[in-house]
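Below is one structure; the comments refer to it alone.
The values are calculated or read from the model by the stated rules, or taken from the named source; none is laboratory data. Computed from a predicted model, the values in this text were never measured in an experiment. Because the Cβ atoms are built from the backbone with ideal geometry, glycine has one as well, and the counts that use them run over all protein chains shown. Surface areas here come from the heavy atoms of the whole protein model, side chains and all, with no ligands, DNA or RNA. Shrake-Rupley method; radii C 1.70, N 1.55, O 1.52, S 1.80 Å.
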Amino acid sequence: MTVGEALKQLRSQLGLTQEQMAAGIISESYYSKVERDLHVIDAKSLIMILKVHDIDMSNFFNILRHQNISDKDKEYDLRAQIVVAQNRKDLKALDKIASKIYNNGFQPSFDLQRRLENAYVWITHSNEHVSPQIKRGVKNQIMTKKWGTQTYYLLSQSIIMFDIDTAYQLADKAFRSYEEKHFNNIYILIFVANLAINFLNCCYHYHGKREYIDRALDFLRNSLPKNDAIGINNILGTYYEALFNDDKKTTQMIIKILDKSGYLSLIEDTLEN
């Protein structure tokens, strides 16, 4: 399967037009030609499109590798369904997926179970239902592996599963590793920047200590290089800083900018109250 075919498949699952899928990152006409394999999309634009639609990058590349879904590859289809349900904040759809996973004699992998529980957390912003086994398994994976693309990605997506003190310990460990090694890898840069923003989101929902908030903000400001690939993360960092400082003027300004730019979904869970 080509990149264009995979994008078209996910766009169809998300119920988006080509213009909506392109999200202003590339033109609609150019995107249309990408889907038809007439144009090649650069890595930066592809990552930005996947990110704005909350599409799991590992799921996307799995789709590229598995064109025909057999019984063995059923997990890849379920992963895509989880992404769509999470993106739409559709708990009923997620419940149906859970039923497919646990009630049909299917033997799900740990990774699929993690993705399912993670989706519930992102929709409800409550980690109370996450099983201790899943939390323990994710933490073990992070603590026993070297810091790299997969580790940063896993933690960035799973940080919200943990209580705020554990989340801080893991995030701080990840930040320290990045500060010590200065990875020259665009994917690691994106994932660690996502981690900082997602951790700030944890602090918002789980009432993180001010020192936790300041650590993440300082990391975004002073430890990461200036790079267009994480420009949106810096804007979101400014938003969270203003939010925690009760700076309503700045938060309203950024809300208007994100809304006009089509990125309001990135912070909409902080607008509910």
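Exactly one of (1) without any contact (Cβ under 8 Å) to a residue 24 or more places away in the chain; (2) open to solvent by 30 Å² or more (accessible area, probe 1.4 Å); (3) of a type outside the set (A, V, I, L, M, F, W, C) is unmet by Gln157. Its number?
(1)
Here is a yes/no grid of residues against (1) among the hydroxyl-bearing types (Ser, Thr, Tyr); (2) over 25 Å from His53 (Cβ atoms):
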site	(1), (2)
Lys89	no, no
Ala93	no, no
Ile97	no, no
Asn103	no, yes
Phe110	no, yes
Arg114	no, no
Ile123	no, no
Ser126	yes, no
Lys139	no, yes
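Here is a list: Arg114, Arg136. Which entry is touching a residue at least 40 places away in the same chain (Cβ under 8 Å) and of a type in the set (D, E, K, R)? Don't jump to the end; show me each part of the working.
On the way: Arg136 fails: touching a residue at least 40 places away in the same chain (Cβ under 8 Å).
Unique residue meeting the criteria: Arg114.
Can you give me the number of residues within segment 12-30 that are free of Cβ contacts under 8 Å to residues at least 24 places away in the same chain and not small (Gly, Ala, Ser)?
7
For segment 157-208, what are the residues that are hydroxyl-bearing (Ser, Thr, Tyr) and over 22 Å from Met57 (Cα atoms)?
Passing the criteria: Thr166, Tyr168, Ser177, Tyr204, Tyr206.
Which residues, taken from segment 152-173, are in a loop (DSSP other than H, G, I, E, B) and either touching a Ser or Thr at 6+ places or on another chain (Cβ under 6 Å) or not hydrophobic (A, V, I, L, M, F, W, C) (or both)? Walk me through how you get there before you give the answer.
We begin by selecting, within segment 152-173, every residue in a loop (DSSP other than H, G, I, E, B); these are 162-163.
Within segment 152-173, just Asp163 meets the criteria.
Of the conditions (1) at pLDDT below 90; (2) surrounded by 13 or more Cβ atoms within 10 Å (Cβ to Cβ), Phe162 clears all except one; give me its number.
With respect to (1) at pLDDT below 90; (2) surrounded by 13 or more Cβ atoms within 10 Å (Cβ to Cβ), Phe162 is out only on (1).
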